[in-house]
Structures are given as structure tokens and as C-alpha cells.
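**Student:** Here you go, one structure.
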Amino acid sequence: MVTDQIHLMLVADDLEARSETAARLAARSDCAVVGTAATDEDLASASAEADPDVIVWDLGDDPETGLRRLADARDLRVPIVAIVGDDRDGVRALAAGAAGLLPREADDERLLLAAAAVAGGLLALDPSVAGLPASAQDPEDDAPVEALTRREREVLALMAEGLANKLIAERLGVTEHTAKFHVHTILGKLGTQSRTEAVVRAARLGLIAI
């Protein structure tokens, strides 16, 4: 009897991709696919019935709806590994609550390693879709963070959407210089060197509200 299986629930809108992944993983002894669902299904009910350790969520080629539902899935209290197409969607998936990120080309071994990591309370980020160098995958989140102002939190949320300073300024009705100043301050307070690192750390700290 296998006692160390990881129980996975697969979420994807592409039925063929979902079925193929489920079939491959079902043939392994180190995991069990306990449920599958499309993005527009009742994920709360599906998750409650499947009782997975981890949800593997393929955001597909049109990730907008999936990203919105991913943010709602925080209430499921199940760690999520998001399969994304690029680093912009990766950053947004992290901000929405994903604990793991993998590119589409990731094989089953990498998928299960990521699933095991997030099930254990860790982050599992592939640098190619998190927009990070390898050295930035495990930031020092125990270090104290200076409190962000309300405006800085607003700017941070727009950074998580991937908006440039000019668009942040337009959204908030401020000058581009002011937006740039806020971004610089946020990076300093979070102890990060880039916008992506700032969003990743903020997501880990629960500072971003989606």
C-alpha cells in the first residue's frame, strides 16, 4: 500500500489537456489524481469532494478568467501550483495566491516536486515564469518590513498587474514621476531590487489584496 502519495486536483479549461495530464499522473505510484475541474465549475464543491493536498491549475492560453477565479480560490485553503505561459502571468498568479509556478513545458517530475513543496508550506517558483534570477527564489522573508502606506499598497497592487509607471500614474491620477517615486519606495521597504521581486515578496507576506 502506498502511504506517501500526494493527492492532486487538476483544474484546466482544456478538457483534452486535463484528461491527458490526469491519465499520465494516474499511472504513477507517488501521486493520486483525486479530482478534475474546469475553471467555470464550482471549485469549492469540487475541492471539498476531492479533498486534495494540492491543486494544479493550468491557466491556459487565455488566463484572464483563470486569474480571477484563482484569486477567489484563496478561500479553498488548498495550496495551488499554477501552470503559466510567461512571467507576467506568473507574477499575477502569485499575487492572486498561487504558491507554485511552472512553465507549460514542465515535465511530470517537476510538477510533482513543486506540488510536494507547496504541500509542505513552501514556495516553488520556476525562474523562467516568475521573472526572477535563481538567487531570488527564496527571499529573506523573516526580515522586518516597514509598513506601506495606503497609496503604496495601491501602487503595489497595480505593479502586480504588470503595469508600467505611466499606466500606474494614469490609473491613480498622479504624475509619472510620483508613481516612479512610490515604486522606488516600495522596493526599498520590501528590501528588493526589482518590481517582480517586490511583488513576489509582497505576495508571500500577504500585502497584496486582489
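Nothing in this text is a laboratory measurement; each read-out follows from the coordinates by a stated rule. Computed from a predicted structure; not experimentally measured. Ideal geometry is used to build each Cβ from the backbone, glycine not excepted, and the neighbour counts take in all protein chains shown.
**Student:** Mean-square fluctuation check for the chain, GNM, Cα pairs under 10 Å: which of Asp42, Asp58, Asp86 is largest?
**Tutor:** Of Asp42, Asp58, Asp86, the Gaussian network model singles out Asp42 as fluctuating most.
**Student:** Would you mind checking the radius of gyration and Dmax of the chain based on alpha-carbon positions, in Å?
**Tutor:** Expressed in Å, the Cα Rg and Dmax of the chain come to 17.7, 63.
**Student:** Applying 1/(1 + (r/R0)^6) with R0 = 25 Å to the Cβ-Cβ distance of Asp107 and Ala164, what FRET efficiency is obtained, to the nearest 0.05?
**Tutor:** Values: r = 34 Å, r/R0 = 1.37.
Once the sixth-power term is evaluated, E becomes 0.15.
**Student:** Given only helices, namely DSSP H runs of n ≥ 4 each adding -39500 (n - 2.57), what is the per-residue ellipticity at 222 nm of the chain, to the nearest 500 deg cm²/dmol? Walk me through the intermediate numbers first.
**Tutor:** Numbers: 10 runs with 99 residues, N = 210.
For the chain, the value works out to -14000 deg cm²/dmol.
**Student:** Relative contact order of segment 16-88: what whole-number percent is it, with Cα pairs under 8 angstrom and at least 6 residues apart?
**Tutor:** Working: 56 pairs, mean separation 20.5, N = 73.
Relative contact order here is 28 percent.
**Student:** Could you give the size of the charge dipole of the chain about its Cα centre, using +1 on the Cβ of each K and R and -1 on the Cβ of each D and E, expressed in debye and rounded to the nearest 20?
**Tutor:** Numbers: 21 positive and 37 negative charges, 206 e Å.
Using only the charged Cβ atoms, the result is roughly 1000 debye.
**Student:** Per the Kirkwood definition applied to all pairs of different Cα atoms, how many angstroms is the hydrodynamic radius of segment 150-205? The partial results should precede the final answer.
**Tutor:** Working: mean 1/r = 0.0919 Å⁻¹.
The Cα-based Kirkwood calculation yields 10.9 Å.
**Student:** Tell me the angle of helix 108-119 to the major Cα principal axis of the chain, expressed in degrees between 0 and 90 and rounded to the nearest ten.
**Tutor:** The answer is roughly 70 degrees.
**Student:** Let me have the relative contact order for the chain, percent, based on Cα pairs under 8 Å that are six or more residues apart. List each step's numbers first, then the result.
**Tutor:** Values: 337 pairs, mean separation 33.2, N = 210.
The value is 16 percent.
**Student:** Decide, for segment 11-66, between rounded, prolate and oblate: order the square roots of the alpha carbon gyration tensor eigenvalues as a ≥ b ≥ c, take rounded if a/c falls under 1.5, and otherwise choose prolate if a/b is larger than b/c, else oblate. Don't skip to the answer; put the middle values down first.
**Tutor:** Numbers: a/c = 2.24, a/b = 1.26, b/c = 1.78.
Oblate.
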